[in-house]
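The structure under discussion appears below in the form of structure tokens.
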Amino acid sequence: MKAISGTNLEQAKAHNRRVVIEAIRTNGPLSRAAIARLTALTAQTVSNIVEELEGSELLKADSPQKLARGQPFTPYSINPDGAYSIGLELERDHAAGVLTDLSGTIRARIVRPIDPLTPEQAIPILAVISKELQEALAFDRNRLLGVGIAMPGRYAAEGVTSLTPIALPGWQHFEVGPALERLVGVPVLVENDATAAAIGERLYGVARGLSSFVYLFLGGGIGAGMFLDGHLYRGSRANAGEIGHIVVEPNGLRCICGKRGCLDRYVSLGAAYEHLEISDPGAYTADELEAMVEGAGPALDGWLDAAAEPMRRTIDFLELAFDPQTIVLGGPMPAGLLARLAARMEPLYPPVDPTEERRIPRIMIAATGKDTSILGAAALPVFSETNPQFAVLQKPVA
Ligand SMILES: [Zn+2]
């Protein structure tokens, strides 16, 4: 049995700094008083942290605001140039990378078409992309927090290994993080694509400021990223949200996981391609595939009809199990198709409390679109509370 880890004072301080940054990131510019109110930290603690973060240029003071009554106050906002991060994405047909600033704005982007690669081939390409992104913008390299990479789950006990034979053959038991870190020389964080997308959506999309939501990542398969009570929920082996392998059709279609009738086989881009008899999606670009799907007419309606009921049940289960504020539909599936799927799911099963007046819809479409995983990946080094580079940046300036 593992004991619950304690926090020492240094860790607690680092955690509080991150809490302050996140409060401003999700709410926009805030005064010290507002930060204290939102974070439940004392006014003195907030003052110390704000001063420190301003000193290390992660926060900047905006011009003082004056209300009709009371003292003028100074709102603090994220200093975009305070830190940078690189997000990488490796897909079947392309490798891509973005350099984002601390506000999450993409400052440089590189996309390379590739054929499916082994890790030995892919890691050097990802390293080159990271290097070129750093050269694409003049900035203080000491302010690069790290590299985040989003990859399809599922993960072995040690994390960082991908076990998706269909999406990326040959990647089983390969440790992506350490291999890439040796080449790029900054911390590399690996996260499953659905969780990375949930982080991206919470920082920059429709889930901004929400404390409990489920992000359904619809790509080759379907997975879920979960924020519960303000915390990212990963599970004991970082496999929480592998809902694509819930059996929805006993004795149904055979799945790569060895079972039959998994959700993945009915609700995913992979399932849509199969239904539309696109036998070799790898032969087309993402844009070509999107056009083929959009133009499929009655066949597409057939797939939507087949997918709607398993999705409705999945939504019902997630709402009952986790009581989220909303469920976000996103991932590589085109937004237009996500919206049609959401419409086809109506009416949903009755909610937990049918009398409740909802301010937030039960289902939302992700705002970050196709950049969802890559933005999430870039957010990983920023989001990580233990990032060593981040700790270096936060040392008070002498
Ligand atoms: Zn399965």
Response to the item:
Bridge orientation stat for the chain from DSSP, antiparallel percent rounded to 5, came to 60 percent
Discussion item. Less than 11 Å from a label point 7 Å out along the Cα-to-Cβ axis of F139: which backbone N atoms in the range 92-112 qualify, by residue?
Written reply: 98-109
Worksheet item: Dipole of the chain, Cα-centred, from +1 at each Lys and Arg C-beta and -1 at each Asp and Glu C-beta, to the nearest 20 debye?
Response: 1180 debye
Discussion item. Pairwise over distinct Cα atoms, reciprocal of the mean inverse distance: report the Kirkwood radius of the range 247-373 in Å, one decimal place.
Written reply: 15.8 Å
Practice prompt. Report the extension gain between R112 and E309 in nm, rounded to one decimal, defined as 0.36 nm multiplied by the number of residues separating them, less their alpha carbon distance.
Written response: 67.2 nm
Practice prompt. Please tell me the relative contact order of the chain in percent, rounded to the nearest whole number, where contacts are Cα pairs under 8 Å and at least six residues apart.
Written response: 17 percent
Worksheet entry | Projected label distance in nm at S77 and A61, using a 7 Å step from Cα toward the beta-carbon | 1.7 nm
Worksheet item: What's the center-to-center distance, using Cα atoms, between the range 20-62 and the range 325-375 in Å?
Response: 32 Å
Response to the item:
Of every hundred units of 1.4 Å-probe accessible area on the range 239-332, the number belonging to carbon and sulfur atoms, as a percent, is 51 percent
Worksheet entry | Residues in the range 235-274 that a label on F317 would reach, taking backbone N under 13 Å of a point 7 Å out along Cα→Cβ | 241-250, 260-267
Worksheet entry | Nearby aspartates and glutamates by direct alpha-carbon distance to K370 (threshold 18 angstrom, same-chain neighbours under 8 apart not counted) | E89, E91, D93, E191, D193, E201, D287, E288, E290, E294
Discussion item. About the Cα centre, and with charges only on the beta carbon of Lys, Arg (+1) and Asp, Glu (-1), how big is the dipole of the range 1-116? Nearest 20 debye, please.
Written reply: 460 debye
Item to complete: Please give the direction-averaged projected area of the C-alpha convex hull for the chain, in square nanometres with one decimal.
Response: 22.7 nm²
Response to the item:
Projecting the Cα atoms of L90, S56, P75 onto the charge dipole of the range 51-91, where Lys and Arg contribute +1 and Asp and Glu -1 at Cβ, the residue farthest towards the positive end is P75
Worksheet entry | Average accessible area per residue (Å²) across the range 44-100 - probe 1.4 Å, nucleic acids and ligands excluded | 45 Å²
Discussion item. Which one, A36, V382, G220, projects farthest toward the positive side of the charge dipole computed for the chain from Cβ point charges (K/R +1, D/E -1)?
Written reply: A36
Worksheet item: Any idea what Rg and Dmax come out to for the range 335-383 if you just take the C-alpha atoms, in Å?
Response: 15.1, 42
Worksheet item: So how strong a dipole does the range 43-91 carry about its Cα centre when Lys and Arg Cβ are +1 and Asp and Glu Cβ are -1, to the nearest 20 debye?
Response: 500 debye
Worksheet item: Amide H to amide H under 5 Å from V206: which residues, 5+ apart in sequence or cross-chain, H placed 1.01 Å off N in plane?
Response: A367, T368
Worksheet entry | Expected-Rg normalisation [2.2 N^0.38 Å, Cα atoms] applied to the range 180-240 | 1.23
Response to the item:
Fraction of alpha-carbon pairs in the range 9-78 farther than 14 Å apart, rounded to whole percent, equals 56 percent
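The values are calculated or read from the model by the stated rules, or taken from the named source; none is laboratory data. If you're wondering where the values come from, they're calculated on a predicted model, not measured in any experiment. Backbone-built Cβ (ideal geometry, glycine too); neighbour counts: all protein chains shown. These accessible areas exclude ligands, DNA and RNA; they are computed on the full protein's heavy atoms, side chains included. Shrake-Rupley method; radii C 1.70, N 1.55, O 1.52, S 1.80 Å.
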